[in-house]
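In what follows, a structure is listed as C-alpha cells, so that the remarks can point back to it.
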Amino acid sequence: MLIRRPHDVPPSEITPKSVFAQRRHFLQFAAGGALSLALPAAHAGDKLPIAARSPLSTDEEPTPYRHIAGYNNFVEFGNGKEVPAERAHRLRTAPWSVTLDGLVHKPRTLAIEDILKLAPLEDRVYRLRCVEGWSMVVPWVGFSLSALLKQVEPLSSARYVAFESVVQPDTQPGVRFPLLDWPYTEGLRLDEAMHPLTLAAVGLYGEVMPNQNGAPIRLIVPWKYGFKSAKSIVRIRFTDHEPPTTWNNLQPEEYGFYANVNPEVSHPRWSQARERRIGDFLKRPTRMFNGYADQVGQLYAGLDLHKYY
Ligand SMILES: Nc1nc2c(c(=O)[nH]1)N[C@H]1C(S)=C(S)[C@@H](COP(=O)(O)O)O[C@H]1N2
Ligand SMILES: [Mo]
C-alpha cells in the first residue's frame with residue numbers, strides 16, 4: 001500500500017482550506033436549491049445562492065468591495081471608519097435568531113437558517129447615502145423585508161416597527177462605553193418597512209455579509225440616510241407609536257425619525273445638497289429620496305418634509 005508523504009502530493013491537489021470551506025458551503029446551498037439553505041455556520045465570503053438580479057437595482061457602477069467592507073460605521077465596535085473592519089471578525093454570528101414581537105398575532109423567534117428560506121435571495125444594487133455626506137453603490141444580497149414581517153401577522157393596531165441590533169460586550173468594545181444608548185435601535189413606519197425597496201440584507205457582492213457591514217442580517221432603507229439601516233438585527237418589535245431611536249434620542253435636531261435623504265433640508269452643521277461618492281474626487285448633487293422618489297414619494301404625500309425631517 002502506497003502511503004503518500006506530504007511532499008509527494010502535487011500542488012495542484014492541494015486545495016487551500018479557505019477555498020475548500022467556501023466550496024463546501026456553496027454545495028450545501030446548491031444541493032436543494034432555495035429550499036434547503038441549512039448552513040451550519042455561514043462565514044463572510046461564503047457564496048450565496050442568488051436567484052435573480054432585482055429589477056429594483058441601479059445600473060450605476062458598484063463601489064469596490066474593499067471600500068464597502070473597509071470604510072464603515074458600526075459604533076458597537078468603536079468610533080472610526082477603519083475600526084469595524086479591524087475588530088468585527090470577533091462578532092459571533094452563529095447561532096443567530098431574530099425575535100419578532102409586540103403587536104402581532106404570532107410572535108416568533110426565527111433562526112437565521114429559517115429566515116434564509118423565506119424568500120429567494122436577489123442581487124440588489126442600491127445607492128447608500130450617509131448623513132455625513134459620502135455615498136456608495138452597494139450590490140447587496142437579500143430579499144424584501146416584508147417577507148419576514150408577514151410571518152408574524154401584524155395586528156391592525158401596529159403602525160411602526162423598531163429594530164434592535166445585537167449587544168455582545170465581549171466582542172464589541174464600543175458597547176462597554178456609553179458612546180450611544182445600547183442596543184442600537186432604529187424605527188420605521190410600518191408602510192415604510194413593508195415597501196418592496198426595504199431590504200433584509202444578508203450579503204454583498206454575492207457573498208455572506210462581512211461582519212463589519214452587519215452580519216448576519218441587517219436592514220437597508222435606500223431612500224433614507226444610512227443610520228436608519230440597523231446592522232446585526234436580533235429583534236423587530238411592532239408598536240402603535242413612533243418608537244424611540246438611538247440617533248434621534250441623542251440629537252433630535254440633527255437626526256430626525258424620518259431621515260429621508262433630502263437635498264433641501266440641511267443638517268444643522270452642513271448642507272445636504274451634495275455628496276461625495278467614495279472613490280470620486282468631485283462631489284455630485286444629492287437627489288430627493290436618494291433618487292428613489294418615483295418609488296417612495298407617495299408614502300409622504302401631504303407630509304411637511306421640513307418638519308418631519
Ligand atoms: N448597529 C448599528 N447599525 C448601524 C450603525 C451602527 O453604528 N450600529 N451605523 C449606521 C450608519 S451611520 C451607517 S452610514 C450605515 C453604514 O453601513 P455600512 O458600514 O455597511 O456602509 O450603518 C448604519 N447601521
Ligand atoms: Mo452614517
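The values are calculated or read from the model by the stated rules, or taken from the named source; none is laboratory data. Just so it is clear, the structure is predicted and the values come from calculations on it, not from any experiment. We place every Cβ from the backbone using ideal geometry, glycine too, and count neighbours over all the protein chains shown. Keep in mind that these areas ignore ligands, DNA and RNA; they rest on the heavy atoms of the full protein, side chains included. Shrake-Rupley method; radii C 1.70, N 1.55, O 1.52, S 1.80 Å.
Compute the length gained on full extension between K106 and L250: take 0.36 nm times their separation in residues and subtract their Cα-Cα distance, giving the result in nm to one decimal.
Computed gain between K106 and L250 is 48.6 nm.
Compare N79, N213, N260 in a GNM of the chain, Cα atoms joined below 10 Å, and give the one with the largest fluctuation.
The residue with the greatest mean-square fluctuation here is N79.
Cα-based Rg (one decimal) and Dmax (whole number) for the range 126-252, in Å?
14.4, 40
In Å², and per residue, what accessible area does the range 172-261 have when probed at 1.4 Å with the other protein chains present?
28
Give a quick list of GluC sites (Glu not before Pro) in the range 233-278 that DSSP marks as loop, anything other than H, G, I, E or B, with at most 16 other Cβ atoms within 10 Å.
E253, E254, E264
Given points 7 Å out from each Cα along the Cα-Cβ axis, report the D280 to D170 separation in nanometres with one decimal.
Reported label-point gap for D280 and D170 is 4.5 nm.
Taking the 0 to 90 degree range and rounding to the nearest ten, how far is the long axis of helix 17-31 tilted relative to the main principal axis of the chain, both from C-alpha atoms?
Tilt of helix 17-31: around 70 degrees.
Report, to one decimal in Å, the Kirkwood hydrodynamic radius for the chain based on all distinct Cα pairs.
One decimal place: 20.4 Å for the Kirkwood radius.
In the chain, what percent of the accessible surface is made up of carbon and sulfur (1.4 Å probe, ligands and nucleic acids excluded)?
Its accessible area is 56 percent carbon and sulfur atoms.
Where a ≥ b ≥ c are the square roots of the eigenvalues of the C-alpha gyration tensor, would you call the range 45-175 rounded, which needs a/c under 1.5, or, failing that, prolate if a/b is larger than b/c, or oblate?
oblate
Pairs K106/K224; K81/K307; K117/K228; K231/K283; K117/K150; K106/K228: which are spaced more than 21 Å apart, C-alpha to C-alpha?
Going by Cα-Cα distance, K106/K224; K81/K307; K117/K228; K231/K283; K106/K228 fall outside the 21 Å limit.
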